[in-house]
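Note sheet for the following structure.
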Amino acid sequence: MPGLPQRPPAHVNAQRSEKAFAALFSDDRWVLRPVTPDYGRDLEVELFEDGQATGILFGVQLKSIDKAPRKGRLSKPGIETSSLRYWQKLDYPLMVATYSVPASQFYARWAHSYDWHHKNHSGLCTDICTPGPKTVTFHYGVAHQLTLESVDKLSEQLQFFRAARTGALRHSPMPIRVDGENVDGHSVASTTKKLRKFTESCGWIRLAEPGEMAVSLTFTQSEIRAVLPGDMRSATLHLQKGIYSGPQGCSALAADALVALSHLFFELNGDNAAADLIMIAASNSHALVWSSFDLILKPRLLEARRLDAIEAIAKAHTRRLRDPLLS
């Protein structure tokens, strides 16, 4: 009727996304609470077990888009960089859930899975690597489709995150599963063997048993990624092509896997664990000598009063000056 208020399409899509999200979490294990005022969070979700609150929470930012996925992929542009930085500072995971209105399908990623890496930067990137634009785009793939089946796996992933975040997995070895590609001629099997040797005297990590939920440590030609189950926290170490091709390359590759894991421990407030891994890795690591790693590590090590680890990094830089292959 002319002259009367009309409902904007954005409001309609927002309500559709809220209803669709609630339907995915209709099981009695989940309690959804609106966050008011939201400040970049629409919902807070708590896991219940046998009717009892667990205190295990995650946040949700709901988005919608009038676009259907192509070949199972979807992109959501226009996410403010300031919001992303805020989400990544939260103590609990925050899910960025985007609803495709034409497909009636949710796609979801954790805010901490966003990698700040850019082509003009090498090394381990966190929010210290400031992107130029004020907004970023979240890219979703087939693995990011949010379904009843993936929601069913969330409880175990959240409990693993809680154990890692609060210390249960920092007072006993963190299970690690290694996979991926050969890097500069070094097989995953040989790198894993070196990694096992480095950690024999370390109580912070161990190789996972078959079927056990574990941190994924993945090697590709361009990166080493250490990822918590469900990608709730991750650390990505970007590699320079050919740097591991020398005779000590396999040892350096295994050491740099520890460097990536050390940053993951920092993300989980396991500062002593992170520092100990750096101590083990420093004498063999390439990443500690060719990346801008100091900008990320030293402030955390200073906060943890781990001057021994800072000294180990300084010795790694001295090694770089003596070795032309690392310059």
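Per residue Cα convex hull volume for region 175-305, in cubic angstrom?
Each residue corresponds to 101 Å³ of Cα convex hull volume.
Multiplying the sequence separation of Thr318 and Ser245 by 0.36 nm and subtracting their Cα-Cα distance, what value in nm do you get? Please report the intermediate quantities before stating the final value.
Working: separation 73, 0.36 × 73 = 26.28 nm, distance 2.11 nm.
Length gained, Thr318 through Ser245: 24.2 nm.
Lys71 to Glu303: FRET efficiency via 1/(1 + (r/R0)^6), r the Cβ-Cβ distance, R0 56 Å, to the nearest 0.05? Working shown, then result.
On the way: r = 45 Å, r/R0 = 0.80.
Rounded to the nearest 0.05, the efficiency is 0.80.
Could you list which residues have their amide H under 5 Å from that of Phe138, counting only those 5 or more apart in sequence or on another chain, with H placed in the peptide plane?
Lys76, Ile79
Students often forget the sequence filter, so: which lysines lie under 19 Å Cα-Cα from Lys241 once same-chain residues fewer than 8 apart are removed?
Lys119
Keeping every protein chain present and rolling a 1.4 Å probe, give me the accessible area per residue for the chain in Å². Spell out each step's value before the answer.
Working: 16240 Å² over 327 residues.
Per-residue accessible area for the chain comes out at 50 Å².
Using Cα springs under 10 Å in a Gaussian network model of the chain, which residue among Glu80, Glu46, Glu303 shows the largest mean-square fluctuation?
Sorting by GNM fluctuation, first place goes to Glu303.
Going by alpha carbons, how many degrees (0 to 90, nearest 10) lie between the helix axis of 249-267 and the longest principal axis of the chain?
40
For labels at Trp290 and Asn269 in the simple 7 Å Cα→Cβ model, what's the distance in nm?
Those two pseudo-labels are separated by 3.6 nm.
Please compute the contact order of region 128-232 in relative form: average sequence separation of alpha-carbon pairs under 8 Å and at least six residues apart, divided by the residue count, as a percent. Let's see the in-between values first.
Values: 102 pairs, mean separation 29.4, N = 105.
For region 128-232, the relative contact order is 28 percent.
In whole Å, largest first, what are the principal axis extents of the Cα atoms in the chain?
Principal extents (largest minus smallest coordinate, Cα): 80, 45, 37 Å.
Relative to the present Cα-Cα distance, how much length would full extension add between Asp115 and Ser150 at 0.36 nm per residue of separation? Intermediate values should be presented prior to the final figure.
On the way: separation 35, 0.36 × 35 = 12.60 nm, distance 2.24 nm.
10.4 nm is the gain from fully extending Asp115 to Ser150.
Tell me, what % of the accessible area of the chain is carbon and sulfur with a 1.4 angstrom probe?
Numbers: 8370 of 16240 Å².
Here it works out to 52 percent.
Once you keep just the Cα pairs under 8 angstrom separated by 6 or more residues, what percentage relative contact order results for the chain?
In percent, rounded to a whole number, it is 12.
If I take R0 = 51 Å and measure r between the Cβ atoms of Arg16 and Glu212 in this structure, what FRET efficiency does the formula 1/(1 + (r/R0)^6) give, to the nearest 0.05?
Working: r = 39 Å, r/R0 = 0.77.
It comes to 0.85.
Residues of region 208-236 with the amide nitrogen closer than 16 Å to a label point 7 Å from the Cα of Glu49, along Cα-to-Cβ, please.
213
On full extension of the chain, what length is gained from Val142 through Lys193, given 0.36 nm per residue of separation minus the C-alpha to C-alpha distance? Numbers along the way, then the final one.
Values: separation 51, 0.36 × 51 = 18.36 nm, distance 3.26 nm.
Result for the pair: 15.1 nm of gain on full extension.
What do you get for the angle between helix 307-322 and the principal long axis of the chain? Use alpha-carbon atoms, 0 to 90 degrees, nearest ten.
60
Near the amide H of Val35, under 5 Å away, which other amide H atoms are found, from residues 5 or more places off or on another chain, if H is placed in the peptide plane?
HN-HN under 5 Å from Val35: Leu43, Glu44.
The values are calculated or read from the model by the stated rules, or taken from the named source; none is laboratory data. This one's a predicted model, so the numbers in the text were calculated from it and none came from an experiment. Positions of Cβ are backbone-derived with ideal geometry, glycine not excepted, and every protein chain shown enters the neighbour counts. Ligands, DNA and RNA are stripped out before the accessible areas are found, and what is left, the full protein with its side chains, is counted by its heavy atoms. Shrake-Rupley method; radii C 1.70, N 1.55, O 1.52, S 1.80 Å.
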